[in-house]
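Since the structure comes first, as structure tokens, the remarks are kept for the end.
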Ligand code: SF4
Ligand code: SF4
């Protein structure tokens, strides 16, 4: 089944919809989606997505679990929350995207391993330093996946470094022990769900 921009609202498959809702932090309100398309029309990443958020939510409702978890849409979401503030139904779209990423990661359902790798490096940096280290993140990502593009990226990186937008070395925040305690508790809670 292909869910196109013009397709009618998909049928219902409560189990997958409920699972995604249950995995979403807080209340997803996913079942309230009226397929208006405001989210896709507001999304700065829509062009890079396999499916607009509206289409993805129709797929979830139709029980298209495999296709939904293989879609690159959640991985292209940059959590800008533009869609969230514009959704007439108050669907917590960005949080649903996080839940889908988590589910795809755990089941290795993603089609392209590049975004999960990027997310993994980002998370490991935050766990280690308490914040991201853009230079290290970019260098590691490009070395691993796009080494031939590095020469093209170098001038921009140099410019950003000169303007103080990125640091050569990572900066560790104060109180990382407190951060680790928070993260450990969060992981504990996640395991108990
Ligand atoms: S803006 Fe909200 S109601 Fe409209 S399609 Fe997106 S999630 Fe559904
Ligand atoms: S939060 Fe994600 S899905 Fe929503 S507009 Fe921003 S990038 Fe698009």
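Of all residues in region 1-24, those satisfying the criterion of being modelled with pLDDT of 90 or more and touching a helix residue (DSSP H, G or I) at 6+ places or on another chain (Cβ under 7 Å) are 16, 17, 20, 21, 23, 24.
Could you run through region 85-117 and say how many residues are within 11 Å of ligand 1 (Cβ to nearest atom), touching a residue at least 40 places away in the same chain (Cβ under 8 Å) and more than 15 Å from residue 31 (Cα to Cα)? Summing the residues that are within 11 Å of ligand 1 (Cβ to nearest atom), touching a residue at least 40 places away in the same chain (Cβ under 8 Å) and more than 15 Å from residue 31 (Cα to Cα) in region 85-117 gives 1.
With respect to being within 14 Å of ligand 2 (Cβ to nearest atom), more than 23 Å from residue 109 (Cα to Cα) and surrounded by 14 or more Cβ atoms within 10 Å (Cβ to Cβ), residue 54 falls outside the description.
Count of region 72-90 residues, restricted to those that are touching a helix residue (DSSP H, G or I) at 6+ places or on another chain (Cβ under 6 Å) and more than 10 Å from ligand 2 (Cβ to nearest atom), is 2. May I ask you to list the residues in region 142-178 that are closer than 20 Å to residue 115 by Cβ and either touching a strand residue (DSSP E or B) at 6+ places or on another chain (Cβ under 9 Å) or assigned to a loop (DSSP other than H, G, I, E, B) (or both)? Matches in region 142-178: 146 only.
The values are calculated or read from the model by the stated rules, or taken from the named source; none is laboratory data. Note that the structure is a prediction, hence the values are computed from the model and not measured. In this analysis, Cβ positions are derived from the backbone assuming ideal geometry, glycine residues included, and neighbour counts consider all displayed protein chains.
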